[in-house]
1. Just one of (1) part of a helix (DSSP H, G or I); (2) among the aliphatic types (A, V, I, L, M); (3) touching a Leu at 6+ places or on another chain (Cβ under 7 Å) trips up Val99, so point out which.
2. Which of the residues spanning region 48-70 are at positive phi and under 22 Å from the mean Cα position of the chain (by Cα)?
3. Thr163 passes all but one of (1) more than 15 Å from the ligand (Cβ to nearest atom); (2) in contact with a helix residue (DSSP H, G or I) (Cβ under 7 Å, 6 or more places away or on another chain); (3) within 19 Å of Asp260 (Cβ to Cβ); which number fails?
4. Restricting to region 104-132, give me the number of residues that are within 14 Å of the ligand (Cβ to nearest atom), more than 16 Å from Thr70 (Cβ to Cβ) and not aromatic (Phe, Trp, Tyr).
5. Within the bounds of region 78-95, is there any residue that is in contact (Cβ under 8 Å) with a residue 40 or more places away in the chain, open to solvent by less than 80 Å² (accessible area, probe 1.4 Å), near the ligand (Cβ under 9 Å from one of its atoms) and among the hydroxyl-bearing types (Ser, Thr, Tyr)?
6. Going by the conditions given, is Thr113 touching a Cys at 6+ places or on another chain (Cβ under 6 Å) and under 30 Å from Ala271 (Cβ atoms)?
7. Residues that are touching a strand residue (DSSP E or B) at 6+ places or on another chain (Cβ under 7 Å), crowded, with 19+ Cβ neighbours inside 10 Å and in contact (Cβ under 8 Å) with a residue 60 or more places away in the chain: which helices (runs of 4 or more DSSP H) entirely in region 110-221 hold 3 or more of them?
8. Do you know which of the residues in region 46-61 that are closer than 20 Å to His92 by Cβ and of a type in the set (A, V, I, L, M) is most open to solvent (accessible area, probe 1.4 Å)?
Amino acid sequence: MKKIGVLTSGGDAPGMNAAIRAVVRKGIYHHLGVYGIYYGYQGLIEGKIEKMELGTVGDIIQRGGTALFTSRSEEFKTEAGQEKAIEQLKKHGIEGLVVIGGDGSFRGASELTKKGFPCIGVPGTIDNDIPGTDFTIGFDTALNTVIQAVDKIRDTATSHERTYVIEVMGRDAGDLALWAGVAAGAESIVIPEKNEPVEAVVDRIKRGHERGKRHSIILVAEGVGSGVEYGKQIQELTNFETRVTVLGHTQRGGSPTAFDRVLASRLGAKAVDLLIEGKAGRMVGIQKNQLVDHDILEALNETHQPEMSMYQLSQELSI
Ligand code: ADP
């Protein structure tokens, strides 16, 4: 293998830049030519490909977002789109591709591999919803963003004796809400994996109120439904003033934490190692602090499960 490519795809996540930097520098360290593909799979189809040098990825390790930009591409989901993508890669002499993204991007990488083009997936998403890895790049940064927001809301919640519903990202996975709930000491955590009846949440709020609690914070994962609707329900059932904050895309941004930068550097470099070893259709991950790799499709067929013992813990600590 002499030339490899790297792209970011789907939802962006803090730490993607650190992963791009690791792929480029590790590739050059091993005397490979490394090509950056801009705007994800759509950019690949359109040939937005540039040679990366050591300096191209200078000064990005600390930045959120992705210096290669990202996109969603319907065209890439078609056979014709995938064939165009492979033609572009071949035109540049690229023989292997690192795809940094979430599960949708991994399915794309798997399609290219099935068509004979070797791809390796690097999990980058704030949702932490990829099976086969304990953590995805961006999750820790998003988590820290969420708890900073919850800490601030807690100040005003206490001052006004209000109930606060805070909607947190996570389409299918409750990890962000779960971890943030434990880290910020929320009274209730509502996640898709454990759809606690609203009545149980209401009971907990009322019990807290009776023992003199001045506020109640409920973290709701967006996968459960609208935080605004949930807040209305809580207000109706408790008669306590209830406010809703939707944290939205603030959770996607910001300078990556040390944890995410280190994780991204390790995973990006591991992906290059796998390509050099001639592997294809694999995803890299971290399990028990060891770098691992799995067949992409087998991993995606598994169901991601958050650490549910933490849910139990949060209930025990918020009695
Ligand atoms: P994420 O990677 O963050 O989950 P998406 O689900 O939007 O984001 O996927 C990113 C892109 O990956 C899509 O826009 C599409 O181009 C490609 N993709 C998603 N699913 C498939 C699939 N089943 N086959 C081929 N390409 C796919």
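The values are calculated or read from the model by the stated rules, or taken from the named source; none is laboratory data. Note that the structure is predicted; figures quoted are calculated from it, not measured. Neighbour counts run over all protein chains shown; Cβ positions are idealised from the backbone, glycine included. Surface areas here come from the heavy atoms of the whole protein model, side chains and all, with no ligands, DNA or RNA. Shrake-Rupley method; radii C 1.70, N 1.55, O 1.52, S 1.80 Å.
1. Checking Val99 against (1) part of a helix (DSSP H, G or I); (2) among the aliphatic types (A, V, I, L, M); (3) touching a Leu at 6+ places or on another chain (Cβ under 7 Å), the one that fails is (1).
2. Selection gives Gly65, Phe69.
3. The single condition Thr163 does not satisfy is (3).
4. 11
5. no
6. Answer is yes for this residue.
7. 139-160, 175-184
8. Looking at residues that are closer than 20 Å to His92 by Cβ and of a type in the set (A, V, I, L, M), I get Leu54.
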